[in-house]
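*Asks:* Sharing a structure here in structure tokens format.
What follows draws every value from the coordinates through simple rules; no lab data is involved. Quick caveat, the model's predicted, so the values are computed rather than measured. Positions of Cβ are generated from backbone atoms using ideal geometry, with glycine treated the same way; all protein chains shown enter the neighbour counts.
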Amino acid sequence: MARYTESVCKQCRREGQKLFLKGARCYTEKCAVGRRAYAPGQHGQGRKKTSEYGLQMRAKQMTRRYYGVLESQFRKYYDTAAKKRGKTGEEMLILLERRLDNVIFRLGWADSRPQARQMVTHGHIAVNGKRVDIPSFLVKAGDMVSMMENSRKKDSFKAIVEANAARPVPKWLESDHEKVEGKVIAMPTREEIDLPVDETLIVEYYSK
């Protein structure tokens, strides 16, 4: 399966803001965005006027990188959202939020989405009592998410969950850090998705 293998810090610098791809490091002075607040590359510090198309592409790229999906995957989410009755941009973000790796991160069981994705892929997560190793698995209202019993006993996972116990959990999710279990109470709304992007720009990008 294709995946991004270069420095994830370059992605944050390219978008000009933290995408929280390195977990705890993003909150320290070692964060690349804080140390080098300009785009990577030879001409990263040059001043460039951004066109309308450029703004649309940056909105698309930032959202894609925020959730850690490839271009082909992202386009599928857009196409699926376009078939729904609601606003395409909002429906797309809701689909991305429902990804199992994102849910694990939102519940506070992982320091970052890449780490949550690895946890799912390695078989540490179950949905409704059944092991699920597909990061893109979409949860629905009423689903119970939990960490596998053998996994929750490991000190490494205990430390991660404990370190993130104080992190706020979205209202559409319910988390029990003691049992390392969570429940999807409802589907997320746009207001509950803290992604600083104008999704209408993405719709305009794909509508051309």
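*Asks:* Within 10 Å, count the other beta carbons around each residue, average over each peptide in 83-96, 156-169, and list them highest first. Walk me through the numbers before you get to the answer.
*Replies:* Values: 83-96: 17.7, 156-169: 13.1.
In decreasing order of mean packing, 83-96, 156-169 become 83-96, 156-169.
*Asks:* If we count every other residue with Cβ under 13 angstrom of Glu162's Cβ, Lys/Arg +1 and Asp/Glu -1, where does the sum land? Intermediate results must be reported in sequence, preceding the final value.
*Replies:* Working: positive: Arg152, Lys154, Lys158, Arg167; negative: Asp111, Asp155, Glu178.
Once positives and negatives cancel, what remains is +1.
*Asks:* Add +1 for every Lys or Arg and -1 for every Asp or Glu among the other residues with Cβ under 11 Å from the Cβ of Phe105, and state the total.
*Replies:* Numbers: positive: Arg99, Arg106, Arg113, Arg117, Arg167; negative: Glu97, Asp101, Asp111.
Once all neighbours under 11 Å are counted, the net charge is +2.
*Asks:* Which entries in Lys130/Lys153; Lys154/Lys179; Lys76/Lys183 show an alpha-carbon gap greater than 23 Å?
*Replies:* Working: Lys130/Lys153 18 Å; Lys154/Lys179 13 Å; Lys76/Lys183 26 Å.
Over 23 Å apart, Cα to Cα: Lys76/Lys183.
*Asks:* Cut-off under 13 Å on the C-alpha distance; same-chain residues fewer than 8 positions from Lys83 excluded. Which aspartates and glutamates are left, in chain and number order?
*Replies:* Glu91
*Asks:* Same structure, new question: Residues with beta-carbon under 9 Å from that of Met187, excluding Met187: net charge, scoring Lys, Arg +1 and Asp, Glu -1?
*Replies:* That works out to +1.
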